[in-house]
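Report on one structure; see the data block that follows.
Please treat every number below as a calculation from the coordinates, not as lab data. Small disclaimer: the values here were computed from a predicted structure and weren't measured. Neighbour counts are summed over all protein chains in view; Cβ atoms, including those assigned to glycine, are modelled from backbone coordinates with ideal geometry.
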Amino acid sequence: MALMRLTSPHAHGPMSTQRVMQYVLLATVPGIIVLTHFFGFGTLVNILWGCVVAIACESFALKLRGRPLGFYLKDCSALVTAFLLCIALPPYSPWWLIAVGIASSILLAKQLYGGLGYNPFNPAMAGYVILLISFPVQMTTWAPPLGAGGEVPGLWQALQACFTPGQYDAVTMATPLDVLKQNNSLLIEDLWQQNPQFGTFAGLGWEWANVAFLAGGAWLLYQRIFTWHAPVAMLASLSLLAAIFYDGGSSASGGSPLFHLFSGATMFGAFFIVTDPVTSAVSLRGRLIYGALIGVLVYLIRVRGNYPDAVAFAVLIMNFAAPFIDYYTQPRTYGHSDKRGEK
Amino acid sequence: MRKTFTFHGGIHPPENKHQSVRTPIADAGIPPELIIPLSQHIGAPAGVVVEIGQHVLKGQMIAEAQGFVSVPKHAPTSGTIHAIEDRLIAHPSGHLAPCIVIVPDGKDEWIECKGTPHYETVDKVKLIGLIRDAGVAGMGGAGFPSSVKLSVKAGTHIETLIINGTECEPYITADDALMRERAEQIIEGAKILRYIIGPQETLIGVEDNKPEGIAALRAAAQGTGIEVVDFPTKYPSGGEKQLIEILTGKQVPSGGLPSQVGVVCQNIGSTVAIYEAVVHGRPLISRVTTVTGNAVREPQNFQVLLGTPMRYLLEKAGYQPEKNRRMIMGGPMMGFTVPDIDVPIVKTTNCLLAPTEAELPTPPPAQACIRCGMCAEACPASLLPQQLFWFAQGKEFEKLEEHNLFDCIECGACSYACPSNIPLVQYYRASKAEILQQRRDHEKAEASRIRFESRQQRLEQAEAEKEAKRAARKKAAEQRAQSAGTDTGEDPIQAAIARAQAKKAAQQGAGDEQSELEKLEKTVVSAQKRLDTATTKLEQAKAEGSDFVEALQTGVEKTRTKLAAAEQALTAYQQSHNQAAAEQDAPPVDAAKAAIEKAMAKRQAEAAMSPLEKAQSDLAKLQQRLQKTEEKLAQSKANGDEEKVIVALESTVVRLSEKISATQQTLQAAEDA
């Protein structure tokens, strides 16, 4: 038998793209559990249906492009997109909303650009924004959390809400970020007491969902799936701006840093969206800048913009800027005195 | 404890070193045949100095160094030169190369070796010569001649001498075994190197995964001033540049040599070889090689003669070919696969790795790059491997160079870390090769261009010189003429020349026919005159009764014949000329009528033209016009004419261009038709 001829290196590390994706999926589990606990089975049903649509869309696109299905499906990237988008969608979304969102994510934002690795925009966030702009009503109604009065729907009701949307009238309630945004007369403290949406240190339910996503993100960080730079920079800039404009909790306050850190999609965005390697800056310094600017945008849109939450817009805007940031943050190569390719 | 530094990136692959250090270094013995490639180092191959059939002793030189960056080869044992021919060698390309084949006689008889134990009394240059003559080349991997590394440029201040005992590649334990068993020789070798180079400090750098080796070295180094420095294990600490950064905190400038930051590095194996060469006078004829991997039953280190076929050595270690799909020379990170196990062990063979498929699986097909940046985290040169990969795929060579592709040391850390199994290093190697080829081509083209341009310049210069000389001559002549004119009013010679020239010009200017006629007429006239004078003189002489009458008579006769001849010639000429003129004048020609006829003919011709021909001629005319207009435009632009003019011209150009395209369409249509 002839000997094989291969070039070095012959050894390969244990990491694989499939494993990276599976780790990300696994890391979302605590957050999904907390969301399900506080808001019922809506998110879970979203995810299940989303995964089905995602696999179908991915297979369809791969078939059109003449690519082997098995090889590309097994990288699990379609599932990650489905998970991330469905977590971001309001629970009890109708089936068609989810389908349109997933199809936009997979077909438009990902496969049209050449599939995994070639998409300039985060597919989940692109899908989210398409939905948010097209169906603002469905996208801005969120179920009330456990403990804010009313029953949390069960699995059957969740399925009904998803697949027979006309027959199920979901109870909805403004999110804490909404409430804060609409506030124009109350001190933060009073606002807190008068609205059932607020919890111990942020939104009721939301605060623990954020803690759970933080835990999942920390685990990914520990597994070296991504570096700390982008998420930490985002959280830092967001807290800094919140601290500067907290205004002692006056009626014009933008909310406390703690409130911003643990409200809405902050932690989810920081550890699951901002860290998307394909669409973020690549150098470490670049990731710091990328993350920090997302934090700034999130704060600005939350407090000054038209939408209560802003992670999707902030991420998409910075996706545009990532190549530009990369251009200016090329690291200094060994043996070079300057950064820009000079010796 | 000495402060150590760290370098960016690095990885921690499974070390797999314990398998091969359980037993001491074994002697591999003498194989039935030794194959010694003439080139086992970087630089010019050695030149053969033996003949087929010649008997050689162990340590006898069989090929000599050729050039500065080259080292000689020696017979690893006594025996007969069996052949000097091309054999398959251990090279990634699997090509054949000239080798000397020795059949050992089994006596292992040494040639007389004269050692220099008291090297401190010997000149340093002579010691470097000894090392070179012993054929010592870097035994870590690249095989750079040690003597070249030691010949530091005069005036370079070397602060640190580093003996590289890092051995960061997984599986390999050849240096570790040397440290454990021959620490004294290493320290002696280091002392020789220290004497030659004269650094402020001498360090031996070892990764902390070799505690036994470190302990042995420390014991041997006691009191010598040589410091054994250990540091955390991380691949690729053993890279020369990385080790220098770890031990000194300095970075070797890109494209530069370690000596530029005051450092010289030598490998452990080379240090032992240098000790042998200087103290015992023995050339480099054997080395320690690790034979390991799960496809050998007894992984261990061997003292093996250079030129030993790999097959022989593998069999000593219990090679199981059925388990082995690829044979790697070197380690799993930077080693290369050999085409066949009959290739010989050379100076750079630090390891033979025979892995099973389970141990080093065949790489799966590459997936898409997800830009995760794990490669950038692993890169010891702080490059952006994923960007390089992108550019390499698109063959964007300028971008590649801008992103410092050539600072890549091909350590393989990026490929190791890549979750998508992209063979990054392979892309970089290929791109480097292509860029180098382009540079060579470019240099060639550049050289040709310069050659051509300098030739043009030479020719122009010669022409200019000639012109200058001509001008100088003319000026000198004018000056002479002027000075002559002021003295006498007119230079007779110049005047004569001028007259002659004027006459010639007049003749030429009058036209050939005219001058011919005139000449003939003149001849007739002058002959008439002479005849008249002669006749007068004859009559006078007759009247005076002179003696010359007879002579004059003949003269008159002669003159008369000449006159007759001249008259005849003139008549003949006039006749022929008149005839020609008459012929020419025969058809009555009206210029205006002719022009009209010509124009009409042209019109008819045009009418007779096929649409294709017409379109073609139209196109040609239009293009001519366009060209003219464009020239005008350029001119008026250059002259800085009024904007109005330029605008007008520009619009004309546009119009003409439109017409041309219309005509082209017509032409196209005609052609299609």
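What the table below lists for this structure:
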item: Eligible lysines near residue B:250 by straight Cα distance, threshold 25 Å, same-chain separation 8 or greater; result: A:339, A:343, B:3, B:149, B:153, B:191, B:210, B:234, B:241
item: Förster radius 30 Å - calculated FRET efficiency between residue B:396 and residue A:236 (Cβ-Cβ, nearest 0.05); result: 0.25
item: Among B:48, B:117, B:62 - extreme Cα towards positive end, dipole of the stretch B:40-117, charges at beta-carbon; result: B:117
item: Low-density loop positions, trypsin sites (Lys or Arg not before Pro), the stretch A:220-299 - DSSP coil, at most 16 other Cβ in 10 Å; result: A:224
item: Chain A: angle of helix A:206-222 to the longest principal axis, Cα-based, in degrees nearest 10; result: 20 degrees
item: At least 20 Å along the helix axis (C-alpha) and Kyte average at least -0.5, DSSP helices within chain B; result: B:183-197, B:492-510, B:591-608, B:643-672
item: Helix A:311-328 axis, angle to chain A major axis (alpha carbon atoms, nearest 10°); result: 30 degrees
item: Over 38 Å [Cα-Cα, chain B], rounded percent; result: 61 percent
item: Value of [θ]222 nm, deg cm²/dmol, for chain B, DSSP H segments ≥ 4, -39500 (n - 2.57) each, nearest 500; result: -16500 deg cm²/dmol
item: On Cα atoms only, tilt of A:77-88 relative to the major axis of chain A in degrees; result: 20 degrees
item: Relative contact order (%) - criterion: Cα under 8 Å, at least six apart; region: the stretch B:367-476; result: 24 percent
item: Spatial separation of Cα centroids for the stretch A:15-78 and the stretch A:273-330, in angstrom; result: 24 Å
item: Nitroxide proxy distance, nm - points 7 Å out along Cα→Cβ at residue A:140 and residue A:113; result: 2.7 nm
item: Per-q log10 I(q)/I(0), the stretch B:609-673, q = 0.25, 0.26 Å⁻¹ (Debye; single scatterer per alpha-carbon; no solvent); result: -0.94, -0.98
item: Top positive-direction residue, dipole computed over the stretch B:609-673 with Cβ charges, set B:654, B:629, B:666; result: B:629
item: Pairwise label distance in nanometres, residue B:560 with residue B:501, each label 7 Å out on the Cα-Cβ vector; result: 4.7 nm
item: Mean separation of Cα contacts under 8 Å (6+ apart) over length of the stretch B:241-335, as relative contact order %; result: 15 percent
item: Those lysines that a straight Cα-Cα span of less than 16 Å connects to residue B:644, excepting residues fewer than 8 apart in one chain; result: B:632
item: Dipole magnitude of the protein assembly as shown about its Cα centre (Cβ charges: Lys, Arg +1; Asp, Glu -1), debye to nearest 20; result: 340 debye
item: Helical contribution to [θ] at 222 nm, DSSP H n ≥ 4, -39,500 (n - 2.57), averaged over chain A, rounded to 500; result: -17000 deg cm²/dmol
item: Alpha-carbon centroid distance for the pair the stretch B:94-129 / the stretch A:120-151, whole angstrom; result: 79 Å
item: Charge context of residue A:121, other residues only, Cβ under 11 angstrom, K/R +1, D/E -1; result: 0
item: FRET E, pair residue B:86, residue B:472, Förster distance 41 Å, beta-carbon r, rounded to 0.05; result: 0.05
item: Per-selection Kirkwood Rh - the protein assembly as shown (Cα, Å, 1 d.p.); result: 38.2 Å
item: Computed FRET value (nearest 0.05) for residue B:219 with residue B:111, which takes r as the C-beta separation and R₀ as 30 Å; result: 0.30
item: Relative contact order (%) - criterion: Cα under 8 Å, at least six apart; region: chain B; result: 12 percent
item: Loop-resident sites, the stretch B:1-70, for GluC sites (Glu not before Pro), counting at most 13 other Cβ within 10 Å (DSSP); result: B:51
item: Cross-link partners of residue B:593 among lysines (Cα-Cα below 29 Å; sequence separation of 8 or more within a chain); result: B:602, B:614, B:621
item: No Cys partner within the rule (Cβ under 4.7 Å), chain B; result: B:99, B:113, B:168, B:265, B:351, B:369, B:372, B:379, B:408, B:411, B:418
